[in-house]
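A.B. asks: This structure is in structure tokens; I'll ask about it shortly.
Nothing in this text is a laboratory measurement; each read-out follows from the coordinates by a stated rule. As the structure is a prediction and not an experimental result, all values here were calculated from the model. Don't worry about glycine lacking a Cβ; one is built from the backbone with ideal geometry, like all the others, and counts go over all protein chains shown.
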Amino acid sequence: MPEFTPIRANSSLPETTASISDRAWEAIQGSYDLQVHVAPDVIERRTDDVDLARDFLARGLRGFVLKSHYIPTAERAKVVARAVPGIKAYGAITLNHSVGGLNPVALEIAGRSGCKIVWMPTVDAANETAGRLDGPNTKLPFWAKIQRELSAEGIAPPPLSPLDSNGRLTEVTRKCLERIAKHNMILATGHLGRDEIFKLVRAAVEMSVKKIIVTHAEFPSQSLTGEEQRELADMGAVIEHCFTTTHTNKAPWDVLFANVRKTGVDRTMLSTDLGQTINPPVAEGFAMYADRFLGAGFSVEEIRHMAVTIPARLVEE
């Protein structure tokens with residue numbers, strides 16, 4: 001298997017030709033995108049973090065959180081923020097095997113480094129089957145190839161879950177929640193399944209974690225119903241909806257809009273989950289997302305609340 005090396009962004013990719021309304025751009029002025037996947041990365045990306053910062057600044061967007069499935073990004077985000085004055089770039093950590101899985105030490109260092117978001121396991125989650133050798137073989141995410149190569153090489157430890165064999169939260173998960181609460185980081189549920197999500201959110205609230213995001217609620221490995229989303233919001237979580245999920249037909253648009261209305265815009269956050277080479281540029285994708293919501297009858301003010309107010313509250317407080 002070839003060595004994994006960081007891949008630079010492909011600047012030759014065509015720009016989107018979608019017609020984006022002025023009202024859509026208005027709705028996301030000052031927004032934060034709390035889930036972007038950009039270079040440098042082990043996966044080819046459409047743009048890199050510095051160019052993304054410049055694009056956001058030029059379009060009046062406030063900032064973003066850099067997500068990697070494999071490495072912490074807090075130190076990298078600080079460099080980006082210094083390179084592009086006026087942009088807020090924040091780092092994150094995802095608790096996959098590359099950082100030791102559910103690892104309180106990694107979280108303590110991440111917290112001291114200024115990390116903003118902690119994602120529970122994604123590519124290594126027990127609930128996520130795309131990267132397994134015996135998993136599905138159609139419409140695979142880009143990271144699935146890496147996961148399958150690791151498995152073929154015999155260096156893929158068992159999948160990760162915050163629950164033990166009796167369905168109870170593990171002690172190491174509780175230690176992770178302690179670190180998240182100590183550093184006032186944001187807990188995001190990653191690619192966990194619904195039973196894991198409910199038990200994790202309930203425990204996090206009990207352990208004084210102040211900021212919780214249910215990650216891309218319509219994504220196939222979560223596929224939470226509108227009622228489940230509302231129940232989690234009632235427990236104190238913010239429900240995240242990502243542009244890529246519906247843009248790539250992993251969930252219907254009408255289901256998304258119905259779920260947002262059921263939960264309420266006051267407890268809903270919009271992100272893009274963009275950066276892939278085959279998808280629109282991040283800022284344009286965010287505006288395309290706003291246009292979709294405008295077309296479904298949501299107001300500019302409601303979209304601003306989901307794209308600007310709630311993400312700002314999460315990362316700035």
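A.B. asks: Suppose the chain between residue 195 and residue 54 were pulled fully straight at 0.36 nm per residue; how much longer would it get relative to their current alpha carbon spacing?
C.D. replies: Result: 46.7 nm gained on full extension.
A.B. asks: Mark the label point 7 Å from the Cα of residue 23 along Cα→Cβ and return the residues of region 293-317 whose backbone N is within less than 11 Å of it.
C.D. replies: Flagged as within label range: 293-301.
A.B. asks: Residue by residue, what Karplus-based ³J(HN,Hα) values in Hz, rounded to whole numbers, does region 239-255 have, using 6.51, -1.76 and 1.60 with θ = phi - 60° and x for Gly and Pro?
C.D. replies: 9, 9, 10, 9, 4, 4, 4, 8, 4, 9, 6, 7, 8, x, 4, 5, 5
A.B. asks: Given H placed 1.01 Å from N in the peptide plane, which residues other than close sequence neighbours of residue 125 have an amide H under 5 Å from its amide H?
C.D. replies: Amide H to amide H, under 5 Å and 5 or more residues apart or across chains, residue 125 pairs with 160.
A.B. asks: Still on this structure: With +1 on the Cβ of every Lys and Arg and -1 on the Cβ of every Asp and Glu, and nothing else charged, how large is the dipole of the chain about its Cα centre, in debye rounded to the nearest 20?
C.D. replies: For the chain, the charge dipole is close to 540 debye.
A.B. asks: Mind checking which of 188, 166, 133 is farthest towards the positive end of region 108-224's charge dipole, using Cβ charges of +1 (Lys, Arg) and -1 (Asp, Glu) about the Cα centre?
C.D. replies: After comparing all options, I get 188.
A.B. asks: Here's something else I'd like to know. In whole angstrom, how far apart do the alpha carbon centroids of region 139-198 and region 218-273 sit?
C.D. replies: About 20 Å separates the Cα centre of region 139-198 from the one of region 218-273.
A.B. asks: Among the listed pairs 145/210; 78/139; 88/182; 78/182; 116/262, which are separated by more than 32 Å between their Cα atoms?
C.D. replies: Long pairs (Cα-Cα over 32 Å): 145/210; 78/139.
A.B. asks: Which value at 222 nm does the chain reach when only helices count, each DSSP H run of 4 or more adding -39,500 (n - 2.57), with the total divided by all residues and rounded to the nearest 500 deg cm²/dmol?
C.D. replies: So the calculated ellipticity at 222 nm is -11000 deg cm²/dmol.
A.B. asks: Using packing as a proxy for protection, rank 214-222, 147-155, 134-142 so that the peptide with the highest average count of other Cβ atoms within 10 Å comes first.
C.D. replies: Result, highest mean Cβ count within 10 Å first: 214-222, 147-155, 134-142.
A.B. asks: Another one. Which whole-Hz ³J(HN,Hα) couplings does region 76-82 yield from phi under the Karplus relation 6.51 cos²θ - 1.76 cosθ + 1.60, θ = phi - 60°, glycine and proline marked x?
C.D. replies: Along region 76-82, the couplings run 4, 5, 5, 5, 4, 4, 6 Hz.
A.B. asks: Then there is this: Please say if region 72-197 is rounded, prolate or oblate, where rounded means a/c under 1.5 for a ≥ b ≥ c the square roots of the C-alpha gyration tensor eigenvalues, and otherwise the choice is prolate for a/b larger than b/c and oblate otherwise?
C.D. replies: It comes out oblate by the Cα gyration axes.
A.B. asks: Based on DSSP, what percent of beta bridges with both residues in the chain are antiparallel, to the nearest 5?
C.D. replies: Bridges in the chain that DSSP calls antiparallel: roughly 10 percent.
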